[in-house]
Amino acid sequence: MKVLWICGLPNVVRLKATNRVLSDTPTAAWSWILGHLPPPRDVELHIVCPVGGLVESRVDFDYGGAHWHCFRRERFELFFLWRRFACKIRSFVHKLAPDVIHGWGGETGCGLVATYLTKKAVVSVQGLLLMLFWQWFKLKSERPKINFKTRIMWLCEKSTYRRANILLVESAASQAGLKKHYGYDSVIIPHPLRREFLEADLSIRDRLVLAPIKFLYLGSLIARKGAIDALKAFAMLSRDESKLVMIGEGEDRSVIEDIISQTRLTDRVELCGTLSADEITKEFLSAQFFLLPSYGDTGPTALKEALASGLYPICYRNSGPEDLIMHYGCGELVSTGDIVALSETMNRCASAVSDCVRHSFLVSSGVRSELSPNVIWSQLKKIYAKQEPA
């Protein structure tokens, strides 16, 4: 089976796939794309990536068992220009003659390009911007501020989902949000784990029962992800020996640095910035608890990786995080936005660290099995087999 994916270029691929950096413009991690690699032996996977600032007009290479084809994306490319990008690669796609064309993301434009290339496009839903925006603004009781870029992304999403032949979502929350806010049905296929989180040695986790308490936050340092909430809740803890490690970057970093300074937590809070999968794995293996007080998520991938690594999660009760914690029966849910309750839950879990560590360790094997690439690919191939040749 020859499959063509259209997606963003994962940052690690941008940096390490060839003997040169493919673009000076940083890209998203796209960890779910990398989690699928390498593909099964009976799948010939080609991946087309529109890349801003690509070193050449087109770059082809093999990486992770897939064949990558990067095309330069015009600067300031907007919704109405994605058709032009589709025209740019149409000749290449025609010669490739894939059995299936699969676009990743509605708001990214990649899914829309797939629908321009075939009437049988498979599209993976990623952001669900309407669901996430309305969850956030409803909770905060603020009128949404919708700028031009946001309107374009919403228009891109709506057009993509309307044109797609089949829509894939990663969770029940995403499926419900797609139906409620956009009116479309979908099929749930979770995102697989990356190799680093499947193969990490968890045998050392039993030592954490006696180790100092460490909470770990992984996500963008932005309001919707609850980065400031996590820090404020940690500042209320009664345990002076506990630590908080925050992995990620974002617009709220300066605010977070100010809070750390004001609360005199410099020695207890570590801001790590963006880390590689190997570096994240090392941090996971030294922490007992995972914090993600997000105000809305369709996945999230970070929580899946934390569960697979044996961390005990503490999250706000909404959307994707609630789905995952209830599904795997591991973790704590707190009313969204209640920082005091979040801190109290962190204190309670720290007091029962032995039980939490043991329970999360037992759950981790099931998470790894269910989210392994082999399992997810078997589900994808069933969907692909139903599609007519592109």
Exercise. Which of the lysines could a cross-linker bridge to residue 214, judged by Cα under 29 Å and excluding same-chain residues fewer than eight apart?
Worked result: 225, 232, 243, 282, 304
Problem set entry | Cut-off under 5 Å, modelled amide H: who pairs with residue 188 long-range | 169
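Determine the calculated [θ] at 222 nm for the chain from helices alone, applying -39500 (n - 2.57) to every DSSP H run no shorter than 4 residues and normalising by the residue count; nearest 500 deg cm²/dmol.
Details: 16 runs with 167 residues, N = 390.
When only DSSP H runs of four or more count, the value is -12500 deg cm²/dmol.
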For this session: Evaluate the Kirkwood expression for the hydrodynamic radius of the chain, namely the inverse of the mean inverse distance over all pairs of different C-alpha atoms, and round to one decimal in Å.
Result: 21.8 Å
For this session: Among 128, 362, 34, determine the one that fluctuates most according to a GNM of the chain built with springs between C-alpha atoms less than 10 Å apart.
Result: 362
For this session: Any of 88/119; 158/179; 16/88; 95/119; 88/179; 119/149 with alpha carbons more than 21 Å apart? Name them for me.
Result: 16/88; 88/179; 119/149
For this session: With an 8 Å cut-off on Cα pairs and a minimum separation of 6 or more residues, tell me the relative contact order of region 195-370 in percent.
Result: 26 percent
Problem set entry | Between helix 82-96 and the chain: long-axis angle, C-alpha atoms, 0 to 90°, nearest 10 | 70 degrees
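So for 100, 363, fewest C-beta neighbours within 10 Å to most, what's the order?
Values: 100 25, 363 19.
Placing the least packed residue first, the sequence is 363, 100.
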Exercise. Of all the Cα-Cα pairs you can form in region 195-370, what percent are over 29 Å apart?
Worked result: 10 percent
Seminar exercise, completed: Residues whose built amide H sits under 5 Å from the amide H of residue 68, excluding neighbours closer than 5 in sequence, are 47, 61, 62, 63
Exercise. For region 1-76, taking Cα atoms only, what is the radius of gyration to one decimal and the Dmax to the nearest whole Å?
Worked result: 11.9, 38
Exercise. Angle between the Cα long axis of helix 339-351 and the longest principal axis of the chain, 0 to 90 degrees, nearest 10?
Worked result: 70 degrees
For this session: Could you list which residues have their amide H under 5 Å from that of residue 225, counting only those 5 or more apart in sequence or on another chain, with H placed in the peptide plane?
Result: 295
For this session: Could you grab the relative contact order for region 300-390? Cα pairs under 8 Å, six or more apart, rounded to a whole percent.
Result: 31 percent
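Where a number appears in this text, it was derived from the coordinates with a stated rule and is not lab data. All values derive from a computational prediction rather than experimental measurement. Positions of Cβ are generated from backbone atoms using ideal geometry, with glycine treated the same way; all protein chains shown enter the neighbour counts.
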